[in-house]
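Asker: Take a look at this one; I'll ask things after.
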Amino acid sequence: MFRKLSFRSRLLLSFWAVLFLALLLPSLYYRKTLSEEINADTRSNAIHQLNLAYWLLSQDQPFQNAASLQVWCKTLGDHLGTRITYVASDGTVIADSQVSFAQVPSMGNHANRPEIVQAYKEGLGTSSRYSITLERNLIYAARKSDGGGAIPAGVIRVAVPFLEVKRKLDRLGRNLILTVLLAFGATILISYLFARQLEAPLRRMIRAAEGIGSGDYGKRIRISPGQEFSPLSHAINKMAKSIEKQIHTITEQKQQLEAVLNGMAEGVMVLDSRGRIRTVNPALARIIPHPPASIGRRPLEVILSSELQQACDQVLAGSDELPVQPYNLEISLGEGRAFDVNIVQLRDRQEGMGAIVVFHDITQLKRLEKIRQDFVANVSHELRTPLTSIKGYAETLLAGRTESPDSTRDFLQVILKHANQMSKMVDDLLQLARLEARQQLSEAVAVDVATALNSAWKACSSLAEAKEVRLEKLLPEDPLLVRADAEQLEQVFRNLLENAVKYGPSGGTVRVSCNFGPEGVVFQVRDEGPGIPSQAQPRIFERFYRVEKNRANQEGSTGLGLAICRHIIQNHGGEIWVESPPQGEAEGSAFFFTLPLANKE
Amino acid sequence: MEVRKRFSQELDDLKLEVLRMAALTEHALTKALRAFFERDSDLAEEVVASDEEIDLLEVDIDKRCLRLLALEQPMARDLRFIIGCMRICINLERIADQAVNIAERALYLNQRPALPHQPLMERLAATSVDMFKQAVSAFNIGNTQQASKVCQMDDAADELNLKILRHFVDYMVAEVRAVERAVYSIIVSRCLERCGDHATNVAEAVVFIVEGVEIKHHCEP
């Protein structure tokens, strides 16, 4: 129970116990010796009075009868202030100073009173006792007397009241207790103050230790409450320092790790032994909308891919003994996104097996790979088709199987057409190569858009007339000047208009309009054609890409027009894109491109 | 306590299995659509082949649910969850069947000359797939708002289906040679519309699980 008390209370209690003993024991001892002294003093006083009475008795002898002895006793007793009794040797009381003569014979036999017994035996006897006769504590002293005259031999006894002594003793005792209490009170106050003073540095030390415990590792204990405590405060300081150092190291490592994780382009997911997500990095936002919300869930609940879940389960089920084998799989999520996923086992001594899942985004890689594959296939197809025709017709001519000069002429026409087609393709390829190599525009001047548009429309007028397609120009009345290469701008318009006429319905309309955006002018070329499938839209600006692969080779088309447009616009610092169907329409497609405005100086 | 813990683990596993089935179904549906739009017959073959796995999974989930119902005698939300999972996996299986239907139509159409580009069909496909994804996501996170949204999207899908039908009827009148192809395309459109209906059923099951109310046929709790 003592241990449960606070340090201060314990200190106080021990103080008080020591004080109590130190004050009480001497006072008790003192009181005891004092009462003994007083007793002895009273006793000797009684003996003195007895001797005096005895001497007087022997002087005043002889007495005539018992009554005269009674008178003598009364007189002497009154003078001395004591009780004087004369007891005969058979124990009967003959005279008593405090009792009237008439009552004396009714007093009890005194023969076996201790002081009288002692007096017969040793000549002198003393005793202290309660007297029934006088109803008080008395000290008795008795002495043998030979008697004389009418008085028989017996014992003379003096009784001094104990009352006086007791009162004195009590007064002394009260004073003593009061003194002790006073001293006790004073010392309690002083000891309380002492204890408090001792406690204050201890409290500071506790506060410092608490501070360290709650994370303020920079705190140190500077004052020690005493020598005994200095090893403790040293130990606490040392502990705090080592904790601070370790926390610093851990924080640094954690920060480094976090920086690495956050800086990674790959999405990272850490799984615990139960297969639930423990940590994610921000790059994962490219796969799942809100990565932190996924913590505590399982991979399948976050990324809807059963292969991924299966792979994670397999890795987590792997035993401890087997060497850690990174698991690799490829998953494809919606919208053509593809990820290369690496799953590595993670050994954790405390929580068992976990896993780290790393997602590499290979969408772009896959796209480029596809472009490259398609390019090779398309270019060979584009080159082979005219070549096959040329070869076939030339062989027929060489074999001389033509029947008439007319058909010979027709054959040669076909050969020429295909040769032209190829030459056009080669020209386009060369132009593309030049555009790619130059990257930047060399001769950008202010060009009037209307002029460029008109000459572009003129270039494809033959085709437009054949299909009865109309051009609708929705340009501002004032001459619109853009910073561009005139020839290249005309080519962009020509390619776009050509496509619009070619793919649009007969008797349709091609609309050219413009808008002013923050980056310059946004031109729009809109047709009423069937539109472009959404999955083909990002790819139509690739070289030789054709929306409908099975369609026979388009008349006069090289498959490079849009690629050239894109390069020209990019070299002008603009952008080109397609919307199909355009916003708010059910059909058709619209090509947009931006160009910077020319400063009107 | 131990029994309770094991039961909740079982429910968790059940959810994961349903999600696994949803993942496979989504995969099949998107693959079938790519096979149709990009005229890729290999993908269509894959869809037809992968249907068996989904069928097996459905049977497995059904067994799981029955076992849980019989052994644990669940109450309240747990009971609704198990019943809801049973309903969801029936609809998932039907969506997977529709994906197979689409893939089979694609196999036929890819051998014939292509019909003109069909932006309406693309929109219907996007709507159906979106409905499916939203319904699964609503089930995954127990979001009834998202589930109600799926129900509302069904109207758009139905409307697109009608538009496509009208478009192809007009087309068939003009181009007799393409009647067969057009009919097959109408079937694809019909399949997509059915996918939307099943996705709606999934969403309704989610509302049933979370709130314990039936919103069948009227979209409102």
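Asker: Only one of these is over 26 Å from B:Asp78 (Cβ atoms) and surrounded by fewer than 23 Cβ atoms within 10 Å (Cβ to Cβ): B:Glu211, B:Glu175. Name it.
Answerer: None of the other options fit; the residue is B:Glu175.
Asker: When only residues in the range A:135-149 that are exposed (fewer than 15 other Cβ atoms within 10 Å of the Cβ) and either in a loop (DSSP other than H, G, I, E, B) or of a type in the set (A, V, I, L, M, F, W, C) (or both) count, which is modelled with the highest pLDDT?
Answerer: Within the range A:135-149, the match that is modelled with the highest pLDDT is A:Asp146.
Asker: Now, a different point. Pick out the one residue from A:Val260, A:Val302, A:Val268 that is closer than 19 Å to A:Ile331 by Cα, among the aliphatic types (A, V, I, L, M) and modelled with pLDDT of 85 or more. Full working, then the answer.
Answerer: Working: A:Val260 fails: closer than 19 Å to A:Ile331 by Cα; A:Val302 fails: modelled with pLDDT of 85 or more.
A:Val268 is the lone residue from the list that is closer than 19 Å to A:Ile331 by Cα, among the aliphatic types (A, V, I, L, M) and modelled with pLDDT of 85 or more.
Asker: If I filter the range A:473-495 for residues that are in contact with a Pro (Cβ under 6 Å, 6 or more places away or on another chain) and at pLDDT below 85, do I get at least one hit?
Answerer: Yes; the residues of the range A:473-495 include at least one that is in contact with a Pro (Cβ under 6 Å, 6 or more places away or on another chain) and at pLDDT below 85.
Asker: Mind telling me which of the residues B:Leu29, B:Leu11, B:Leu24 ends up being in contact with a helix residue (DSSP H, G or I) (Cβ under 9 Å, 6 or more places away or on another chain), within 10 Å of another protein chain (Cβ to nearest Cβ), assigned to a helix (DSSP H, G or I) and among the hydrophobic types (A, V, I, L, M, F, W, C)?
Answerer: That would be B:Leu24, the only listed residue that is in contact with a helix residue (DSSP H, G or I) (Cβ under 9 Å, 6 or more places away or on another chain), within 10 Å of another protein chain (Cβ to nearest Cβ), assigned to a helix (DSSP H, G or I) and among the hydrophobic types (A, V, I, L, M, F, W, C).
Asker: Okay, moving on. Restricting attention to the range B:32-67, which residues are more than 14 Å from B:Asn110 (Cβ to Cβ), of a type in the set (A, V, I, L, M, F, W, C) and more than 11 Å from chain A (Cβ to nearest Cβ)? Explain how you work it out, then say what you get.
Answerer: Residues of the range B:32-67 that are more than 14 Å from B:Asn110 (Cβ to Cβ), as a first pass: B:49-67.
With the extra rule that they be of a type in the set (A, V, I, L, M, F, W, C), the set shrinks to B:49, B:54, B:56-57, B:59, B:61, B:65-66.
Within the range B:32-67, B:Ala49, B:Leu56, B:Val59, B:Ile61, B:Cys65, B:Leu66 qualify.
Asker: Another question, then. If the requirement is being modelled with pLDDT under 85 and in the same structural domain as A:Leu489 (by TED's automatic domain parsing), which of these qualifies: A:Thr509, A:Thr558?
Answerer: Going through A:Thr509, A:Thr558 in turn, just one is modelled with pLDDT under 85 and in the same structural domain as A:Leu489 (by TED's automatic domain parsing): A:Thr558.
Asker: When the residues of the range B:109-122 are narrowed to those that are touching a helix residue (DSSP H, G or I) at 6+ places or on another chain (Cβ under 6 Å) and either outside any helix (DSSP H, G or I) or more than 10 Å from every other protein chain (Cβ to nearest Cβ) (or both), which ends up nearest to B:His167 (Cα to Cα)?
Answerer: B:Leu115
Asker: Take the conditions at pLDDT below 85, within 14 Å of chain B (Cβ to nearest Cβ), closer than 30 Å to A:Glu369 by Cβ and surrounded by fewer than 16 Cβ atoms within 10 Å (Cβ to Cβ) and apply them to A:Gln310. Does it pass? Don't jump to the end; show me each part of the working.
Answerer: Values: at pLDDT below 85: yes; within 14 Å of chain B (Cβ to nearest Cβ): yes; closer than 30 Å to A:Glu369 by Cβ: yes; surrounded by fewer than 16 Cβ atoms within 10 Å (Cβ to Cβ): yes.
Yes, satisfied.
Asker: Another question about this same structure. Return a yes/no flag: does the range B:68-89 have any residue that is under 30 Å from B:Val3 (Cα atoms), of a type in the set (Phe, Trp, Tyr), more than 12 Å from every other protein chain (Cβ to nearest Cβ) and in contact (Cβ under 8 Å) with a residue 60 or more places away in the chain. Quick ask: steps written out before the conclusion?
Answerer: First, pick out the residues of the range B:68-89 that are under 30 Å from B:Val3 (Cα atoms): B:68-89.
Filter again for of a type in the set (Phe, Trp, Tyr), leaving B:81.
Then keep just the ones that are more than 12 Å from every other protein chain (Cβ to nearest Cβ); that gives B:81.
With in contact (Cβ under 8 Å) with a residue 60 or more places away in the chain added as a condition, the list becomes B:81.
Taking every residue of the range B:68-89 in turn, at least one turns out to be under 30 Å from B:Val3 (Cα atoms), of a type in the set (Phe, Trp, Tyr), more than 12 Å from every other protein chain (Cβ to nearest Cβ) and in contact (Cβ under 8 Å) with a residue 60 or more places away in the chain.
Asker: Could you please let me know if A:Ile356 is under 19 Å from A:Arg276 (Cα atoms) and at pLDDT 80 or above?
Answerer: Here the answer is yes, as A:Ile356 does meet what is asked.
Asker: I've got another one for you. Determine whether the range A:479-493 contains at least one residue that is farther than 22 Å from A:Pro596 by Cα and surrounded by fewer than 14 Cβ atoms within 10 Å (Cβ to Cβ).
Answerer: no
Asker: Right, something else. Where the second residue is modelled with pLDDT under 85 and in a helix (DSSP H, G or I) and the first is over 15 Å from A:Leu560 (Cα atoms) and of a type outside the set (Ser, Thr, Tyr) and lies in the range A:360-377, which pairs have Cβ atoms under 8 Å and are six or more apart or on separate chains?
Answerer: A:Asp361/A:Arg286
Asker: Do you know which residues across the range A:498-510 are buried (at least 18 other Cβ atoms within 10 Å of the Cβ) and either within 14 Å of another protein chain (Cβ to nearest Cβ) or in contact with a strand residue (DSSP E or B) (Cβ under 6 Å, 6 or more places away or on another chain) (or both)?
Answerer: Within the range A:498-510, A:Ala500, A:Tyr503, A:Gly504, A:Val510 meet the criteria.
Asker: Also: Among the numbered criteria (1) at negative phi; (2) in contact (Cβ under 8 Å) with a residue 24 or more places away in the chain, which single criterion is violated by B:Arg39?
Answerer: (1)
Asker: Can you name the residue in the range A:239-279 that is within 18 Å of the chain's Cα centre (by Cα) and outside any helix (DSSP H, G or I) and is also farthest from A:Arg297 (Cα to Cα) among such residues?
Answerer: Among those that are within 18 Å of the chain's Cα centre (by Cα) and outside any helix (DSSP H, G or I), it is A:Thr279.
Asker: Could I ask something else about it? Do any residues in the range A:516-531 that are within 14 Å of another protein chain (Cβ to nearest Cβ) have Cβ atoms under 8 Å from those of residues that are among the hydroxyl-bearing types (Ser, Thr, Tyr), where the two are at least six apart or on different chains, and which pairs are they?
Answerer: Short answer, once both residue conditions are applied: A:Asp527/A:Tyr503; A:Asp527/A:Ser589; A:Glu528/A:Thr509; A:Gly529/A:Tyr503; A:Gly529/A:Ser589; A:Pro530/A:Tyr503; A:Gly531/A:Ser580; A:Gly531/A:Ser589.
Asker: With the structure loaded, tell me whether B:Ala125 is within 12 Å of chain A (Cβ to nearest Cβ), buried (at least 18 other Cβ atoms within 10 Å of the Cβ) and closer than 15 Å to B:Glu38 by Cα or whether it fails that test.
Answerer: So B:Ala125 passes the test.
The values are calculated or read from the model by the stated rules, or taken from the named source; none is laboratory data. As the structure is a computational prediction, the values presented were derived from the model and not from experiment. As a convention, Cβ positions derive from the backbone with ideal geometry for all residues, glycine included, and neighbour counts pool all protein chains shown.
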